[in-house]
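Participant: Quick one: the structure is below, and I'll ask about it shortly.
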2 protein chains.
Amino acid sequence: MSASDPVTAAVLVIGNEILSGRTQDANTHFLGKRLTELGIRLMEARVVPDIEAEIVAAVNALRARYTYLFTTGGIGPTHDDITVDCIAKAFSVAVVVHPEAKRLLEDYYGDQVNPARMRMARTPEGAGLIENPVSVAPGIAMENVFVLAGIPRIMQAQFESLRHSLVGGPPLISRALTVGLPESVVAPGFGALQDRYPEVEMGSYPFQRGGRFGTSLVLRASDPALLDQVAGELESLVRELGGSAEWSV
Amino acid sequence: MSASDPVTAAVLVIGNEILSGRTQDANTHFLGKRLTELGIRLMEARVVPDIEAEIVAAVNALRARYTYLFTTGGIGPTHDDITVDCIAKAFSVAVVVHPEAKRLLEDYYGDQVNPARMRMARTPEGAGLIENPVSVAPGIAMENVFVLAGIPRIMQAQFESLRHSLVGGPPLISRALTVGLPESVVAPGFGALQDRYPEVEMGSYPFQRGGRFGTSLVLRASDPALLDQVAGELESLVRELGGSAEWSV
């Protein structure tokens, strides 16, 4: 990888409960935000059911394509927790009991230890552990794949434990202008601005509040001076169109 | 397709703003819930950025594999709204101005019509329209692909407009038992129950409330009598383990 290659990532959310609409995934949103801050571009997210062949295929497609892959879900103590076995299969290695994970879980559970709990000491052979300060059972690091819990609070703690090991690029800075005009009114001028500054990523997001349509215009770039210049031009454009314009983070 | 083949679906969420963590996707959750009610199994969801090649590849992979594909986002009036062009490319057809969409938008906007707004009358050649009772600009139906807006209120209205055209299988019924025991305590008995009833889908979802760990055990099947029987056995199991057990929807 050369210094100018963008650092990329994918998220793989594992779990029937997300697809059936029982639970709303919050982990992609958290990871997207944190990775952006670290200069890593989340390029793709997928949700797959608790089916081995689906998980293995998605892990192999995504880990080959992006710098990092983060999986969430399926690493608990029950029969539907099959992520560890799938990761091992994707890497063609065995599942082993990780001695350090075993020790952590035995210390934590004491005489409450049972075979279901000790399932959480299983890792693909050669994997490292990711600290879990919330509930001890560790996440797993396997080459460029990070295997995290599904429960948001635990996943977030595990992410903060591993993030020092991630190498990001220059972070994209973003500015958002909230405009009191419908999207279609700003569209021509905003499109022309994009044509003049292809190196700035520009997005337009309509919203409706109290029956009125407005638009949030977002600029993203890694060069702050360039961003300031384009932001100035954008604000002038909106004022010329007669719209209110307010910057937010 | 034979009568016993499961009816399946995928969701493709299109938009940089979801991947950067700026916006949290709510559409997958809505579609997962509604499709489950209609007897259609959501098997996969993907989020991809506003990049033509990525969108085209995902559309073609997902429409070939599942009964239905629903896309959300990228059908507005601005330069970053490229979904229609991508769908046309995926089907190898031209983009045309749809006469009925043109008429709807002209009637709605009157003398406020402009080229950006009329972009929303463009469809892949051969596409049908999906009614949008919120803001007129229609969704698009192209064979088994339904192209919907990204704004949740509009997407939901478009989904309700099209749902009469979906053919579902027998809906899965679900029962959820909230158990006052940690997941690892119920895991052995719950796993044994799954082994005895492979035709019932069983999921275990741990939660933490006020410092105590509990578990939600979910049973799903299309046969209500079978579900009742398994639910009875599950409740007995939990009571034997000394846990509280409460059924919810």
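The values are calculated or read from the model by the stated rules, or taken from the named source; none is laboratory data. For clarity, every value in this text was computed on a predicted model and none was experimentally measured. Virtual Cβ from ideal backbone geometry, glycine too; neighbours counted across all protein chains shown.
Participant: Please find, among A:Arg212, A:Arg239, A:Arg196, the residue that is charged (D, E, K, R) and modelled with pLDDT under 90.
Facilitator: A:Arg212
Participant: Under the condition of being more than 11 Å from chain B (Cβ to nearest Cβ) and free of Cβ contacts under 8 Å to residues at least 40 places away in the same chain, which residue from region A:38-55 is farthest from B:Gln194 (Cα to Cα)?
Facilitator: Applying the filter and picking the extreme gives A:Ala53.
Participant: For region A:16-55, what are the residues that are outside any helix (DSSP H, G or I) and among the β-branched types (Val, Ile, Thr)?
Facilitator: A:Thr23, A:Ile40, A:Val47, A:Val48, A:Ile51
Participant: Please report, ordered by residue number, the helices (runs of 4 or more DSSP H) entirely within region B:56-122 with at least 3 residues that are touching a residue at least 40 places away in the same chain (Cβ under 8 Å).
Facilitator: Output list reads B:83-90.
Participant: Scan region B:31-62 residue by residue and report those that are farther than 20 Å from B:Pro6 by Cα and either in contact with a Gly (Cβ under 9 Å, 6 or more places away or on another chain) or modelled with pLDDT under 95 (or both).
Facilitator: B:Val47, B:Val48, B:Pro49, B:Asp50, B:Ile55
Participant: Condition first: within 12 Å of chain B (Cβ to nearest Cβ), more than 30 Å from A:Val218 (Cα to Cα) and surrounded by fewer than 18 Cβ atoms within 10 Å (Cβ to Cβ). Can you find one or more residues in region A:102-109 that meet it?
Facilitator: yes
Participant: Within region A:136-171, can you find the residues that are within 11 Å of another protein chain (Cβ to nearest Cβ) and crowded, with 18+ Cβ neighbours inside 10 Å?
Facilitator: Those that are within 11 Å of another protein chain (Cβ to nearest Cβ) and crowded, with 18+ Cβ neighbours inside 10 Å: A:Ala137, A:Ala149, A:Gly150, A:Ile151, A:Ile154.
Participant: Let me ask something else. Checking the structure you have, find out if any residue of region B:57-68 is of a type outside the set (Phe, Trp, Tyr) and facing another protein chain (nearest Cβ under 9 Å).
Facilitator: yes
Participant: For B:Arg175, state whether it is surrounded by fewer than 21 Cβ atoms within 10 Å (Cβ to Cβ) and part of a helix (DSSP H, G or I).
Facilitator: No: the conditions fail for B:Arg175.
Participant: Looking at region A:178-209, which of the residues that are part of a helix (DSSP H, G or I) and at the interface with chain B (Cβ under 7 Å from one of its Cβ atoms) is nearest to A:Asp5 (Cα to Cα)?
Facilitator: Filtering first and then ranking leaves A:Gln194.
Participant: All but one of (1) farther than 26 Å from B:Arg119 by Cα; (2) part of a helix (DSSP H, G or I); (3) among the hydrophobic types (A, V, I, L, M, F, W, C); (4) within 14 Å of chain A (Cβ to nearest Cβ) hold for B:Ala231; which doesn't?
Facilitator: Answer for B:Ala231: the failing condition is (4).
Participant: Let me ask something additional. Would you be able to say whether some residue in region B:67-80 is more than 16 Å from B:Ile140 (Cβ to Cβ) and modelled with pLDDT of 95 or more?
Facilitator: Yes, the conditions are met somewhere in region B:67-80.
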